[in-house]
Amino acid sequence: MTSKALAVLTAIAAVAVMLASAPGPILAQPVANIALPAPAPATQLYPGCNNIALSFPDATPSATVLQAVTPGGAVDTMWRHSAAQNRFEGYSAQYPQASDLLTVNFMDAVWLCMEQGLAAIQPPPAQVLPPPVLTVCNAPTVASFAANPSTVTAGQATTLSWGAVTDTDTITIDQGIGPVTGPVLVSPLVATTYTLTATGCGGTATYQATVTVNAPSANLEPTDLFVDWQSPNTPMMLRIENKFGDNLSNVTIGLDCTMEWYPPGAPGQGNPQSSLTMATSHSITVAWGATTNVNTGLPAVDLLSNSYLVHCTMTAVDFTDTSPLNGILETFI
């Protein structure tokens, strides 16, 4: 190595020592710009030493970095701290043959020291950037999704539930249910397919469960006995309601009604003074949720002279009715 080169290296080493001990810079107005490769923006350079992160490809010549600075010749030296060797490496455009920082790599942290004030400026300590955090996102999964029971009668409840979930942040179910965190009770009136959507950072996954819904059995229920005071002979009537069934047209029912006579104000106390049982048959038409009235066939009542206990049992004749509420007991005083 020539004596001149040795002198340059000694000077560079002296500058490195000076950079390690001098106080930090006071920022002033920018004196130059460096155009960094995309996506990094152009960076302003201030008097003294400027710490920047390069975006040049690996093994880019140091001279290429200085050529990206405008105006040309504004940079005196470029420095990089070598963690492996625990020392600064430098490059001088004026003395490239005496430089030991001949190439730079992508994301190198370097100091560009401007022409003026170099001897009074200390580059900051080397900045060690943490490695990027790599997040692995797998697609969400749900072990199972089902309705139990899977077949119900209209209006009957069933439970939607699912198995273990992985890589999932939220679970939602359609059909107006929305976000859920546990089993859901539903009562569909018609066959319904429910879609469960699991969402996580890896995307979404959907699962389906179908509930089969059977039409309800006809369910006619007697609701009350009453005297129709507006009709001739003031007949005793039975009101019947069509609950949870389809519209019924011209269906036949049977009625067995028993009337017991008691002294005034004492219905059901002791033995009845008299009793009468009437069996009648009726053809009725009643819409779903509506009511209809039928005549029990019992004689007119005299509430001034007697009190009465009446019991009626209704039976379905030409259709199936599984309702247990086909009897009614009513007291008239």
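Read-outs: derived from the displayed coordinates by stated rules, not from any lab. Since we're looking at a predicted model, the values are computed, not measured. FYI the Cβ positions are ideal-geometry reconstructions off the backbone, even for glycines, and counts take in every protein chain you see.
Here is the size of the stretch 167-276 from its Cα atoms: Rg then Dmax, 27.1, 83 Å. In summary, the convex hull built on the alpha carbon positions of the stretch 220-332 has an orientation-averaged projected area of 7.3 nm². Summarise the long-distance tail of P(r) for the stretch 158-214 by giving the % of C-alpha pairs beyond 14 Å. Roughly 53 percent, rounded to a whole number. Around THR277, what is the net charge, scoring Lys/Arg as +1 and Asp/Glu as -1 over all other residues with Cβ under 11 Å from its Cβ? With Lys, Arg at +1 and Asp, Glu at -1, the neighbours total -2. Ranked by the mean number of other Cβ atoms within 10 Å of their residues, highest first, the peptides 278-284, 182-188 fall in the order 278-284, 182-188.
The label point for VAL136 and the one for SER305, both projected 7 Å from the Cα toward the Cβ, are 9.7 nm apart. Ranked by the mean number of other Cβ atoms within 10 Å of their residues, highest first, the peptides 196-204, 147-155 fall in the order 196-204, 147-155.
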